[in-house]
1. Would you work out which of N56, L120, F17 lies farthest towards the positive end of the dipole of the range 6-209, given +1 charges on the beta-carbon of Lys and Arg and -1 on that of Asp and Glu, about the Cα centre?
2. Can you bin the range 326-438 into rounded, prolate or oblate? Criterion: square roots of the alpha carbon gyration tensor eigenvalues sorted a ≥ b ≥ c, rounded for a/c under 1.5, prolate for a/b above b/c, oblate for the rest.
3. Using alpha-carbon pairs under 8 Å, 6+ residues apart, how would you state the relative contact order of the chain in percent?
4. For helix 317-329, what angle does its Cα long axis make with the longest principal axis of the chain, in degrees from 0 to 90 and rounded to 10?
5. Taking the Cα atoms only, what angle lies between the long axis of helix 133-147 and the longest principal axis of the chain, rounded to 10 degrees?
6. For K236, list the aspartates and glutamates whose Cα falls under 14 Å from its own Cα; do not include residues on the same chain fewer than 8 positions away.
7. Where only protein heavy atoms count, and the probe is 1.4 Å, what is the accessible area per residue for the chain in Å²?
8. Percent of accessible area on the range 288-365 owned by carbon and sulfur, 1.4 Å probe?
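The values are calculated or read from the model by the stated rules, or taken from the named source; none is laboratory data. Computed from a prediction, not measured in an experiment: that's the story for all the values here. Cβ sites come from the backbone with ideal geometry, for glycine too, and all protein chains shown count toward neighbours. Surface accessibility is based on the protein's heavy atoms, side chains included, excluding ligands, DNA and RNA. Shrake-Rupley method; radii C 1.70, N 1.55, O 1.52, S 1.80 Å.
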Amino acid sequence: MAWVTAQEMRALEARAFSSGVDPGALMDRAGIGIARHLLAHFPTPGHAVAYLGKGNNAGDAIVVLEQLFAHGWSIDFRASHPQEAWSELTQQRFQRLHSALSNPCPSASRPGPLLLLDGLLGIGAHGEIREPLLSLSREMQHLRETDGAIVAAIDLPSGLDSDQGIPSKGAVIADLTLTVGVPKKGLHADSANDSVGRLFLVPLSELRPPADRHPIWSFPSTHPCRLPPRPHSFHKGDAGRVAVLAGSVHFSGAATLCATGALRGGAGLVTLFLDPDNPAQPPPEIMTRRIGSRIEAAFSARADARVLGPGLGELTPPQAQTLLRHLSDDSVPLVLDADALNLIAATTSLDLLAPHHLITPHPGEFARLAPDLAQLPRLEAARRFTQRHPCHLLLKGTRTLICQPGGELHINPTGHAGMATGGQGDVLAGVCGALAAAGHSLADAAILAAWLCGRAAERAITYGSESEQSCSASDTLHHLGGAFLDWKQVRR
Ligand SMILES: NC(=O)C1=CN([C@@H]2O[C@H](COP(=O)(O)OP(=O)(O)OC[C@H]3O[C@@H](n4cnc5c(N)ncnc54)[C@H](O)[C@@H]3O)[C@@H](O)[C@H]2O)[C@@H](O)CC1
């Protein structure tokens, strides 16, 4: 899904309204869509408070309150202005909510979250966020920091410039943002990341986004890759074979996490090539070969995709030469991560990178590969890198980026700060390998793997009992199944 400026969004809305779409009905669909995401993200009913400005963004928030109330949530609101100052549609939605409140839902237990809905400002905002909205934004911030409240911004966080993505002083800091119709341009700026949090799209068929505009957000509702059911006669060879060259004496866990990532990512057969003295004990489903000449063995193994690098450690000069030689000769789709990338950087072998390679650096590894690009905004850095080196790039970090040779860019919306822990990248590399082995293009494999791993880590908190602090790479592995289901059923 591409993006629009606030002005373009207004033009899309105007076009829809002039073709007969009812503005009130559109607002209801937006609010219902937002609530659907929230109800799935927070399965246990809690207490929701809507923070209302006087524009239509507040109208969306009231529709959301109405929906949450109908699903057993207790609700409340904080308004910046008296009702007479609200937009007509917002006033109408409030009257409707009022009638619903006089007929309360019987559910009384609300052990779920304290959810603050930011309906102060949407695309009608101009300039910095001002009083009386500013004080309400600060109140939300205070509750978030001291009471564990979760802030959900409607359309965009209030006080964030919708085109430039620059937050003004006192702007809302959201844990999640539910953008309506089409993502607003400012949401993908590096400067917006901490204000926006996890981004969800609430598609509205009446509002058609411009095509061919990059970067593209990868949402299951808009990405063409669908993961159809496997034919009943499917066998493990059809699912794909992955050869993993990973791990070393001091980094044995990386090998296990990566190979298990390939297994849980759907590969039919996973072979892990280890040094004889590597103490790793991968799950029994993984075929483990412990041999001295493991580099040659990994490259000569029958495989639909190979994954190289997690925890590989420093290679001896002859080993490094062998690996680089195979890299230039091999034509199987190849995922290169961690120490494989460090080797390429250290030996300035970037000319070996080719379109059948997917490299998955974190920001530190990227800086070693391209020191001159590391200070640029991430989108720009990724685009320039793939214009220079014709490989696929998955640049990890907040808002993982996927860039194809030539510069087509995708942004991943899933994941959270709890993923900032060792081993998540090893799992991701394995999942990339499995999806490539299953026959997906490297771009789709990278887009899907980033989405699935981020979504699995979200599920570890939402459906498991983990927190941002306790979430580990093993939790991501554990929740991959649910993440696959979410993608297939076009949820989240
Ligand atoms: N039917 C519709 O028109 C739809 C509207 N939608 C929602 O409506 C929103 C846009 O609504 P509006 O155009 O009413 O605009 P807003 O809801 O953004 O509010 C504009 C109001 O805020 C005040 N304001 C502007 N900048 C301010 C600042 N910096 N500090 C304090 N106050 C400020 C303005 O005086 C104006 O009264 C979208 O973002 C979206 O959430 C969506 O539901 C889609 C359908």
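1. F17
2. It comes out rounded by the Cα gyration axes.
3. Relative CO of the chain lands at 13 percent.
4. Taking the Cα atoms of the chain, the angle to 317-329 is about 70 degrees.
5. 50 degrees
6. E285, D304
7. Accessible area per residue: 40 Å².
8. Carbon and sulfur together cover 51 percent of it.
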